[in-house]
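The values are calculated or read from the model by the stated rules, or taken from the named source; none is laboratory data. Quantities reported herein were computed from a predicted structural model and do not represent experimental measurements. No Cβ is skipped: glycine too gets one built from the backbone with ideal geometry, and neighbour counts run over all protein chains shown. Note: accessible area is taken over every heavy atom of the protein model, side chains too, but ligands, DNA and RNA are not part of it. Shrake-Rupley method; radii C 1.70, N 1.55, O 1.52, S 1.80 Å.
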There are 2 protein chains.
Amino acid sequence: MKIDVKKLKEIVGEDNVRDNIADLYVYSSDASVHSSKPDAIVRPGNVKEVQELLRYANKNKIPVIPRGAGSGMSGQTVPLSGGIILDMKRMDKIIEIRPEDVICKVEPGVINDELNMQLKPYGFFFPPTPASGKICTIGGMIGNNASGIRSVKYGATRDAVIGMKVVLANGDFVTLGSNTKVDSSGYQLAKLMVGSEGTLGIVVEATLLISPLPKFRAMGVANFATLEDAGKMISNVIAAGITPSMLELMDKVAITAVNNAQNLGLPDVDAIAVFECNGMVKEAVEYDMKRIKEICKRNNGTGIRVSDDPDEMTRIYEGRKKLFPSLSKYSEGLFTTALADDMAVPMSKIADTVHEIHEIAKRNNVVMSAYGHCGAGLIHTKILMDTNKKSQWQGAKRAVKEVYEYVQKVGGTTSGEHGIGFSKGPSFKQEKKDSLEMMRAIKKALDPNNILNPHKLMDSPDDWLTATHLRYQVKP
Amino acid sequence: MKIDVKKLKEIVGEDNVRDNIADLYVYSSDASVHSSKPDAIVRPGNVKEVQELLRYANKNKIPVIPRGAGSGMSGQTVPLSGGIILDMKRMDKIIEIRPEDVICKVEPGVINDELNMQLKPYGFFFPPTPASGKICTIGGMIGNNASGIRSVKYGATRDAVIGMKVVLANGDFVTLGSNTKVDSSGYQLAKLMVGSEGTLGIVVEATLLISPLPKFRAMGVANFATLEDAGKMISNVIAAGITPSMLELMDKVAITAVNNAQNLGLPDVDAIAVFECNGMVKEAVEYDMKRIKEICKRNNGTGIRVSDDPDEMTRIYEGRKKLFPSLSKYSEGLFTTALADDMAVPMSKIADTVHEIHEIAKRNNVVMSAYGHCGAGLIHTKILMDTNKKSQWQGAKRAVKEVYEYVQKVGGTTSGEHGIGFSKGPSFKQEKKDSLEMMRAIKKALDPNNILNPHKLMDSPDDWLTATHLRYQVKP
């Protein structure tokens with residue numbers, strides 16, 4: 001079915017439709033390794049326009065792919081079979097902030113950091129903290145169930161979303177969830193929408209729980225000669241009933257990359273842990289930091305440093321914060337790719353998993369760095385490789401497969417916060433094999449013509465490397 | 001379709017099937033006002049038996065109603081069109097406790113307090129705390145998304161359930177969710193199952209997040225001459241970033257009932273607030289209690305008492321704890337009925353809602369008491385009336401309708417933690433009117449023969465009073 005661009009322009013106005021080759025190219029990829037061209041980009045400005053667009057698309061069976069900032073790492077917004085990209089960034093109103101009810105209501109195009117700037121004068125913030133906070137939209141965060149460095153204390157986007165307004169595939173407008181923290185009114189469809197990656201409906205408004213800004217915080221760092229010790233330290237902190245607001249791990253590859261890129265002079269150890277506690281009471285924060293320090297020592301941590309001085313905290317955090325951009329400086333000619341980029345494992349398996357990731361990388365002739373929000377069981381990795389070489393892609397493909405096989409073996413799950421898209425499709429389909437039919441039944445019930453972000457999640461291709469275009473030039 | 005009792009006995013054994021009149025009578029009601037007889041009661045002992053039972057029931061289109069302790073207040077387990085009650089209490093194994101991963105795995109028949117007794121030696125607990133904790137099962141809590149007095153700090157059952165194993169209507173066995181606190185692996189079907197009241201599948205195992213037992217706690221009480229002041233106090237505590245582990249309200253009817261029944265000599269005020277803070281650090285608990293005291297004073301609270309002495313805390317808590325059994329002593333000849341028994345409203349609307357509930361009761365010639373976990377926006381009420389009189393039921397019916405109309409007007413939701421069943425069906429269907437079709441589509445996709453707990457939630461009767469049997473003798 002050819003798309004009727006004139007019709008699209010009638011719905012959203014001339015200025016909000018693009019189908020020139022340059023724009024199509026920009027919207028053909030996100031932060032994943034993939035690329036595939038849409039047929040048109042449409043930027044709706046209100047609910048009515050979203051409804052009309054979906055009615056048109058549904059009638060004509062045209063794929064519709066909602067998109068926020070395009071910062072997703074798993075290909076969620078890459079239109080594998082073309083169609084319309086629904087760029088939601090124009091719908092960016094903060095509808096209301098109600099500190100007396102501890103909620104706010106926003107349109108999907110609101111940017112995470114912008115929302116927090118608006119909440120600050122009220123003494124509140126929206127806790128999910130993805131690394132892409134400066135650009136990512138609340139709509140995108142809902143699609144992926146984003147979480148970030150503070151998930152160990154505050155959970156993920158799903159925990160903070162209590163209600164939403166959604167346009168379904170047929171153009172119907174529905175209100176889901178409620179305005180209250182507790183809610184036992186039947187099927188919690190707002191929670192189901194979170195993490196569904198745009199395959200079940202288009203979120204046009206969200207009601208979010210907000211949290212009071214903590215008054216005090218302190219940060220610390222500790223070095224560990226072995227991954228085992230670092231892993232035990234993380235497990236012990238959580239089991240001791242401490243709730244740090246951050247509990248991060250960096251492996252040796254990450255440390256080397258940061259040193260190469262930033263010249264921070266981090267020590268030559270197997271692992272560095274970075275932690276933070278926050279709260280309303282200075283003594284409680286100090287007490288928790290003291291306990292974490294003790295646990296670090298008990299697990300052979302060295303160079304333990306703790307501070308509540310803002311400059312010193314910035315320095316401590318610098319290494320972790322600059323990690324992602326630093327990775328490409330690990331070694332000349334190796335580029336960072338978002339592959340096996342996230343996973344979650346039971347707390348006690350973190351050290352083993354990071355160790356195994358290194359073994360897998362070695363075996364497959366690529367470099368892998370592991371780091372992440374380990375206090376919540378979340379591990380991030382990136383694969384560093386020469387993206388020009390076909391053999392490297394084949395090695396990466398084997399590595400991805402082996403990593404997720406291991407994650408499943410230790411009882412972990414394919415994605416901790418970046419979502420499945422189709423980069424993680426094969427592992428997802430393996431992990432969820434007995435509930436894929438259940439997912440497909442729900443998808444079919446809500447989107448019988450399969451127009452909403454097709455070929456993702458349970459319907460993703462069996463092979464992410466051959467089934468899709470790469471956004472890299474690969475020589476044979 | 002007549003049920004083949006011989007077949008049922010083949011599946012679960014002679015001893016685990018009942019169809020004598022006495023047992024059918026016992027299983028025809030729960031803690032709601034309703035009653036309707038099942039055709040048989042079956043007590044499966046393992047997953048395979050649940051699968052075989054569902055295959056048989058699905059083939060023969062026989063309703064199957066899963067049941068835990070039968071302590072639900074909205075008629076969730078009352079079999080409106082007969083069928084098989086699936087009594088899940090035999091499946092009561094605690095499968096594993098993994099403090100190192102901060103999770104445990106249990107069968108659905110495990111009793112809440114029993115689980116906590118087993119978790120205690122590890123220094124952990126399962127946070128949802130329904131008043132029925134001594135008898136209610138984890139399966140029932142999942143069905144209803146139970147929460148209780150500590151929801152203000154720890155959330156509800158949905159927040160604690162991260163994975164489960166489920167038998168679907170056709171007998172298929174599926175594993176949902178994961179073992180990790182964060183999880184962005186597609187549709188979160190485990191979360192969808194929580195609160196679905198047995199209409200989408202039979203939970204045969206659940207993976208639960210557990211929390212470290214706090215080392216310190218303190219409790220307080222304050223009296224308020226007006227509901228407005230009490231309501232403002234609650235809002236202010238939450239907005240100040242304090243996270244109490246309990247923040248309860250009792251209205252004048254509740255206070256009178258407790259005084260009549262227990263002779264506790266509570267003061268003659270419009271509202272009493274009971275609060276608790278807990279944590280790992282004594283100073284932090286004390287600091288929070290001090291701040292709550294200040295907020296009470298600022299809102300004209302009197303008789304403010306705070307203590308961390310266990311005996312004194314028990315005394316403070318006594319009034320609240322004995323509230324439900326005391327209600328029937330409010331006045332000679334008035335009985336407590338679970339009608340309009342729970343709701344949740346935005347925090348800032350608590351005082352107005354409680355005030356309105358009293359006006360509605362007066363108008364309709366019944367007595368209503370309001371109390372509950374107001375720190376989470378949750379209000380409980382009971383209707384006290386002469387259950388023999390038809391006119392009282394008609395008044396109660398009008399009162400229920402008016403209460404929920406008001407709750408919806410202020411942006412609240414029909415159930416905060418007791419679930420919908422069919423007592424709350426009319427309000428639920430009004431509140432969710434634009435997403436009922438979506439719910440029905442999901443239900444149909446997963447249970448095409450509609451055998452799992454039919455006539456509940458979106459498919460409940462339009463009138464809970466005329467459409468169903470009451471378990472009371474009512475004179476015309």
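At-a-glance table
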{"quantity": "Residues satisfying the stated conditions in segment B:38-49, i.e. open to solvent by 40 Å² or more (accessible area, probe 1.4 Å) and assigned to a loop (DSSP other than H, G, I, E, B)", "calculated": "B:D39, B:R43, B:N46"}
{"quantity": "Helices (runs of 4 or more DSSP H) fully within segment A:223-332 counting 3 or more residues that are closer than 19 Å to A:G372 by Cα", "calculated": "A:227-239, A:252-262, A:310-321, A:323-326"}
{"quantity": "Sole exception among (1) over 30 Å from B:N20 (Cα atoms); (2) within 18 Å of the chain's Cα centre (by Cα) for B:G123, by number", "calculated": "(2)"}
{"quantity": "Scan of segment B:170-192 for residues that are more than 7 Å from every other protein chain (Cβ to nearest Cβ) and within 18 Å of A:G186 (Cβ to Cβ), ordered by number", "calculated": "B:A190"}
{"quantity": "Filtered residues of segment A:136-150 (kept if assigned to a loop (DSSP other than H, G, I, E, B) and open to solvent by 20 Å² or more (accessible area, probe 1.4 Å))", "calculated": "A:R150"}
{"quantity": "Residue in segment B:463-474 that is within 10 Å of chain A (Cβ to nearest Cβ), in contact (Cβ under 8 Å) with a residue 40 or more places away in the chain and among the polar types (S, T, N, Q) present", "calculated": "no"}
{"quantity": "Among residues of segment A:278-332, those that are within 14 Å of chain B (Cβ to nearest Cβ) and touching a Lys or Arg at 6+ places or on another chain (Cβ under 7 Å), counted", "calculated": "4"}
{"quantity": "Yes/no for B:A69 being closer than 30 Å to B:K397 by Cβ, among the hydrophobic types (A, V, I, L, M, F, W, C) and in contact with a strand residue (DSSP E or B) (Cβ under 7 Å, 6 or more places away or on another chain)", "calculated": "yes"}
{"quantity": "Subset tally (residues that are assigned to a helix (DSSP H, G or I) and open to solvent by less than 10 Å² (accessible area, probe 1.4 Å)) for segment A:333-350", "calculated": "1"}
{"quantity": "Checklist (1) surrounded by 24 or more Cβ atoms within 10 Å (Cβ to Cβ); (2) in contact with a Leu (Cβ under 6 Å, 6 or more places away or on another chain); (3) without any contact (Cβ under 8 Å) to a residue 60 or more places away in the chain applied to A:I420, failing item", "calculated": "(3)"}
{"quantity": "Given (1) at the interface with chain B (Cβ under 9 Å from one of its Cβ atoms); (2) modelled with pLDDT of 95 or more, number of the condition A:G143 does not satisfy", "calculated": "(1)"}
{"quantity": "All positions within segment A:415-447 that are in a loop (DSSP other than H, G, I, E, B) and at the interface with another protein chain (Cβ under 9 Å from one of its Cβ atoms)", "calculated": "A:S415, A:G416, A:E417, A:H418, A:G419, A:I420, A:K424, A:K432"}
{"quantity": "Per-region count, segment B:96-134, residues open to solvent by 60 Å² or more (accessible area, probe 1.4 Å) and either in contact with a Pro (Cβ under 7 Å, 6 or more places away or on another chain) or farther than 25 Å from B:G72 by Cα (or both)", "calculated": "5"}
{"quantity": "Residue count for segment A:228-268, restricted to those that are open to solvent by 20 Å² or more (accessible area, probe 1.4 Å), under 24 Å from B:M280 (Cβ atoms) and more than 13 Å from chain B (Cβ to nearest Cβ)", "calculated": "1"}
{"quantity": "Any hit, segment B:432-455, residues being at pLDDT 95 or above, closer than 27 Å to B:S391 by Cα, within 23 Å of the chain's Cα centre (by Cα) and open to solvent by less than 60 Å² (accessible area, probe 1.4 Å)", "calculated": "no"}
{"quantity": "Candidates B:K153, B:K165, B:K105 - the one that is closer than 28 Å to A:N144 by Cα, among the charged types (D, E, K, R), more than 7 Å from every other protein chain (Cβ to nearest Cβ) and assigned to a helix (DSSP H, G or I)", "calculated": "B:K153"}
{"quantity": "Among the candidates B:V166, B:V203, B:V161, residue that is farther than 30 Å from B:S369 by Cα, outside the structural domain of B:I316 (by TED's automatic domain parsing) and touching a Pro at 6+ places or on another chain (Cβ under 6 Å)", "calculated": "B:V203"}
{"quantity": "Residues (of a type outside the set (D, E, K, R) and closer than 18 Å to B:D463 by Cβ) located in segment B:416-438", "calculated": "B:I420, B:G421, B:F422, B:S423, B:G425, B:P426, B:S427, B:F428, B:Q430, B:L436"}
{"quantity": "Looking only at segment A:370-405, and only at residues there that are small (G, A, S), touching a residue at least 40 places away in the same chain (Cβ under 8 Å) and out of contact with any Lys or Arg (no Cβ under 6 Å at 6 or more places or on another chain), the one that is farthest from A:K329 (Cα to Cα)", "calculated": "A:G375"}
{"quantity": "Index of the failed condition, B:K382 passing every other in (1) modelled with pLDDT of 95 or more; (2) more than 15 Å from B:E405 (Cα to Cα)", "calculated": "(1)"}
{"quantity": "Answer from B:A225, B:A206 - the residue that is surrounded by fewer than 24 Cβ atoms within 10 Å (Cβ to Cβ), away from every other protein chain (no Cβ under 13 Å) and either without any contact (Cβ under 8 Å) to a residue 60 or more places away in the chain or small (G, A, S) (or both)", "calculated": "B:A225"}
{"quantity": "Residue under evaluation B:Q188, criteria (1) outside the structural domain of B:K153 (by TED's automatic domain parsing); (2) out of contact with any Cys (no Cβ under 8 Å at 6 or more places or on another chain), criterion not met", "calculated": "(1)"}
{"quantity": "Failed condition for B:T175, given (1) without any contact (Cβ under 8 Å) to a residue 24 or more places away in the chain; (2) touching a Pro at 6+ places or on another chain (Cβ under 6 Å)", "calculated": "(2)"}
{"quantity": "Qualifying residue in segment B:389-405 (condition: closer than 21 Å to B:S196 by Cα and either out of contact with any Asp or Glu (no Cβ under 8 Å at 6 or more places or on another chain) or surrounded by 24 or more Cβ atoms within 10 Å (Cβ to Cβ) (or both))", "calculated": "no"}
{"quantity": "Pairs where the first residue, in segment A:50-70, is assigned by TED's automatic domain parsing to the domain that holds A:P130 and open to solvent by less than 20 Å² (accessible area, probe 1.4 Å) and the second is outside any helix (DSSP H, G or I) and charged (D, E, K, R), C-beta under 7 Å, 6+ apart", "calculated": "A:G70/A:D30"}
{"quantity": "Segment B:181-203, residues that are modelled with pLDDT under 95 and open to solvent by less than 30 Å² (accessible area, probe 1.4 Å)", "calculated": "B:V182"}
{"quantity": "Qualifying positions in segment B:333-348 - farther than 20 Å from B:S147 by Cα and within 14 Å of chain A (Cβ to nearest Cβ)", "calculated": "B:S348"}
{"quantity": "Test result for B:K282, of a type outside the set (F, W, Y), under 30 Å from A:Y287 (Cα atoms) and surrounded by fewer than 23 Cβ atoms within 10 Å (Cβ to Cβ)", "calculated": "yes"}
